[in-house]
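Read the structure below first, then the notes.
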Amino acid sequence: LHGAVDWTMVGIFICSGQSCSATSRLLVHKPIAEKFVSRLVEEVNKIRIGDPLADTTQMGPVTSQDQVEIVSGFVERAKSDGAQVLCGGEALSGNGFFYPPTILAGLANDSEAWTEEIFGPVLAVRTFDTEEEAVQLANDTPYGLGNGVISKDSERCERVAQQLHAGVVWKNCSNALSVEAPFGGFGQSGFGKEYGAMGFEEFLQVKAITECDAGFSWGWYVPKANN
C-alpha cells in the first residue's frame, strides 16, 4: 500500500502536475478503494508546498496566475457537476501561483476533469470491479502518453500493460523515465520518440536507394526482347 500511494503521488504531484506524462487519472479496485483512498488523502495532506528552491519543499507553484485560474476552473466545474473534493480544491492565497494538491472523486465518464488534461496538481479518482473494466476505462481517451499499473501480481501487471493504449507504461512505478528507453505517445499524445536509440531517428534523414540489375525491366510498356 505504501509503495502504491507514493507512486500515485509521484505520478501527478511532481512538477505540480505540469508534466505531459502526469498520471492524472487513478483507477482503484473497489475492494481496496476505501482503504487506499483514505491513506492517499492522508499522505497528500502532508505534502510541503513552497519555494521550489527550498530543500524542504515537496511541491512548488504552477507557472502563472493564468494557470491557477485554469486549474481552479476545472475544479469548480467538476464541483458543479457533483464531484467530491477529497482534499485541496481552492487556490492558496499569498505570494506565488500556488494551487494545493487536489483529489476529485465521483466523476462521470464524460466529466471534463476526467477526460481532459488539467496540467495542474489535480488527481481524478474512480473505482472499477474487474480488470477488463479497468483497461476499458484507461483506454477510453484520445490521449495515450503514459499509463501505470500497480499490483503485487506481476503477471497481472504484464497482462494489463500489454493492453494499455499508451506509448509508455510503468509497472509498479510512475513517471520513472530513463534516457535509454524511448518516450512518446499514441493518438493525440504526439508522434515520434525521444530518448533511446529511437530518439536519434528524429535527428536523421533516411534515404532509400533501390537497385535492379542492368537491362532488367518489368516489360510493362516495352515488351522484353526475345534475345
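Observations, loosely collected:
- Qualifying positions in the range 9-22 - under 23 Å from residue 38 (Cβ atoms), touching a Ser or Thr at 6+ places or on another chain (Cβ under 7 Å) and open to solvent by 10 Å² or more (accessible area, probe 1.4 Å): 10
- Any hit, the range 99-112, residues being of a type in the set (Asp, Glu) and either surrounded by 14 or more Cβ atoms within 10 Å (Cβ to Cβ) or assigned to a helix (DSSP H, G or I) (or both): yes
- Being under 23 Å from residue 109 (Cβ atoms) and either open to solvent by 30 Å² or more (accessible area, probe 1.4 Å) or in contact with a Leu (Cβ under 7 Å, 6 or more places away or on another chain) (or both) is a condition met by at least one residue of the range 48-70.
- In the range 144-159, the residues that are over 14 Å from residue 131 (Cα atoms) reach residues that are open to solvent by 30 Å² or more (accessible area, probe 1.4 Å) and assigned to a strand (DSSP E or B) with C-beta atoms within less than 6 angstrom, at least six apart or across chains, in these pairs: 144/186; 144/187; 147/169.
- Candidate set from the range 73-115 (those that are over 12 Å from residue 125 (Cβ atoms) and hydrophobic (A, V, I, L, M, F, W, C)); member that is farthest from the chain's Cα centre (by Cα): 92
- Pairing each residue of the range 78-103 that is of a type in the set (A, V, I, L, M, F, W, C) with any residue that is open to solvent by 60 Å² or more (accessible area, probe 1.4 Å) and part of a loop (DSSP other than H, G, I, E, B), provided the two are 6+ apart or on different chains, yields C-beta distances under 6 Å for 87/45; 98/92.
- Among the residues making up the range 1-47, those that are out of contact with any Leu (no Cβ under 8 Å at 6 or more places or on another chain) and in a loop (DSSP other than H, G, I, E, B) are 1, 18, 19, 22, 23, 45, 46, 47.
The values are calculated or read from the model by the stated rules, or taken from the named source; none is laboratory data. What you see is a predicted model; the values in this text were computed from it and never measured. With ideal geometry, Cβ positions are generated from the backbone for all residues, glycine too; neighbour counts draw on all protein chains shown. What goes into the accessible areas is simple: the full protein's heavy atoms, side chains included, and nothing from ligands, DNA or RNA. Shrake-Rupley method; radii C 1.70, N 1.55, O 1.52, S 1.80 Å.
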